[in-house]
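Asker: This is the structure I want to talk about, given as structure tokens.
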Ligand SMILES: [Fe+2]
Ligand SMILES: [Fe+2]
């Protein structure tokens with residue numbers, strides 16, 4: 001007969017929150033794919049390369065959360081996710097939207113960490129915080145890229161140079 005009353009590593013509410021996070025990462029994967037395709041169609045090769053890499057990275061994030069749950073023998077049920085927005089205005093607008101998307105992810109990770117900390121589960125909160133740290137790096141990289149666009153303005157030749165520089169980042 002068990003006597004220690006060991007707390008579970010993942011409560012039902014943490015599993016649900018992780019599933020929502022997986023949904024967000026999967027939606028981001030599709031959104032980056034759609035943006036990559038828009039850049040392919042317009043021969044922005046550098047951005048295409050970078051956006052494809054981001055799409056792969058979002059899948060990697062989704063897998064990390066999924067493996068964390070299944071590694072503890074919990075089942076995962078995946079919500080449907082958002083369909084990607086396939087509209088295209090121009091390159092700077094696209095990267096601004098990418099920045100907003102990454103900010104949204106950072107905010108939801110922060111909420112997730114706070115929720116788990118409030119439940120007193122410091123082990124899992126620490127794991128989420130590691131992920132959040134990486135997320136902040138992604139935001140810093142996007143701010144650098146947005147600054148390049150800011151300097152380029154609307155000049156098509158300057159935009160192509162920025163596109164080239166973005167390609168070298170991935
Ligand atoms: Fe992500
Ligand atoms: Fe990301």
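The values are calculated or read from the model by the stated rules, or taken from the named source; none is laboratory data. Just so you know, these numbers come straight off a predicted model, no measurement behind them. Neighbour counts are summed over all protein chains in view; Cβ atoms, including those assigned to glycine, are modelled from backbone coordinates with ideal geometry.
Asker: Please find, within segment 16-36, the residue that is nearest to ligand 1 (Cβ to nearest atom) out of those that are over 10 Å from the mean Cα position of the chain (by Cα) and free of Cβ contacts under 8 Å to residues at least 40 places away in the same chain.
Answerer: This residue is 36.
Asker: Does residue 102 satisfy the condition of being touching a residue at least 12 places away in the same chain (Cβ under 8 Å) and surrounded by 15 or more Cβ atoms within 10 Å (Cβ to Cβ)? Spell out how you get there, then give the answer.
Answerer: Values: touching a residue at least 12 places away in the same chain (Cβ under 8 Å): yes; surrounded by 15 or more Cβ atoms within 10 Å (Cβ to Cβ): yes.
It is true that residue 102 is touching a residue at least 12 places away in the same chain (Cβ under 8 Å) and surrounded by 15 or more Cβ atoms within 10 Å (Cβ to Cβ).
Asker: Need pairs with beta-carbon distance below 7 Å; first residue more than 20 Å from residue 18 (Cα to Cα) and within segment 50-63, second more than 10 Å from ligand 2 (Cβ to nearest atom) and assigned to a helix (DSSP H, G or I); sequence gap 6+ or separate chains.
Answerer: 50/166; 50/167; 50/169; 51/35; 51/36; 51/39; 52/36
Asker: Yes or no: residue 113 assigned to a helix (DSSP H, G or I), more than 13 Å from ligand 1 (Cβ to nearest atom) and in contact (Cβ under 8 Å) with a residue 60 or more places away in the chain?
Answerer: Values: assigned to a helix (DSSP H, G or I): yes; more than 13 Å from ligand 1 (Cβ to nearest atom): yes; in contact (Cβ under 8 Å) with a residue 60 or more places away in the chain: no.
For residue 113, the condition - assigned to a helix (DSSP H, G or I), more than 13 Å from ligand 1 (Cβ to nearest atom) and in contact (Cβ under 8 Å) with a residue 60 or more places away in the chain - is not met.
Asker: Could you list all residues from segment 64-74 that are more than 24 Å from residue 141 (Cβ to Cβ) and in contact (Cβ under 8 Å) with a residue 24 or more places away in the chain? Please lay out each step first, then the result.
Answerer: First, pick out the residues of segment 64-74 that are more than 24 Å from residue 141 (Cβ to Cβ): 66-74.
Within segment 64-74, 66, 68, 69, 72, 74 qualify.
Asker: Step by step: first the residues of segment 64-81, then only those that are within 15 Å of ligand 1 (Cβ to nearest atom) and surrounded by 15 or more Cβ atoms within 10 Å (Cβ to Cβ), then the one that is farthest from residue 18 (Cα to Cα). Which residue is that? Before the answer, list the steps.
Answerer: Step one: list which residues in segment 64-81 are within 15 Å of ligand 1 (Cβ to nearest atom), which gives 64-68, 81.
Cutting the leftovers down to surrounded by 15 or more Cβ atoms within 10 Å (Cβ to Cβ) gives us 64-66, 68, 81.
Working: 64: 10, 65: 6, 66: 8, 68: 9, 81: 13 Å.
For segment 64-81, the residue satisfying everything is 81.
Asker: Then there is this: For segment 132-170, which positions are within 30 Å of residue 9 (Cβ to Cβ) and either touching a helix residue (DSSP H, G or I) at 6+ places or on another chain (Cβ under 6 Å) or not in a helix (DSSP H, G or I) (or both)?
Answerer: Step one: list which residues in segment 132-170 are within 30 Å of residue 9 (Cβ to Cβ), which gives 132-139.
Residues satisfying the conditions are 132, 135, 138, 139.
Asker: Related question: Considering only segment 49-82, state which residues are at pLDDT 95 or above and not in a helix (DSSP H, G or I).
Answerer: None - no residue of segment 49-82 is at pLDDT 95 or above and not in a helix (DSSP H, G or I), so the list stays empty.
Asker: Please state which one of 115, 110 is over 28 Å from residue 39 (Cβ atoms) and within 16 Å of ligand 2 (Cβ to nearest atom). First the steps, then the outcome.
Answerer: Details: 115 fails: within 16 Å of ligand 2 (Cβ to nearest atom).
Just one listed residue meets the conditions, 110.
Asker: Got at least one residue in segment 83-92 being at pLDDT 95 or above, buried (at least 20 other Cβ atoms within 10 Å of the Cβ), assigned to a helix (DSSP H, G or I) and within 16 Å of ligand 2 (Cβ to nearest atom)?
Answerer: Looking through segment 83-92, none of the residues is at pLDDT 95 or above, buried (at least 20 other Cβ atoms within 10 Å of the Cβ), assigned to a helix (DSSP H, G or I) and within 16 Å of ligand 2 (Cβ to nearest atom).
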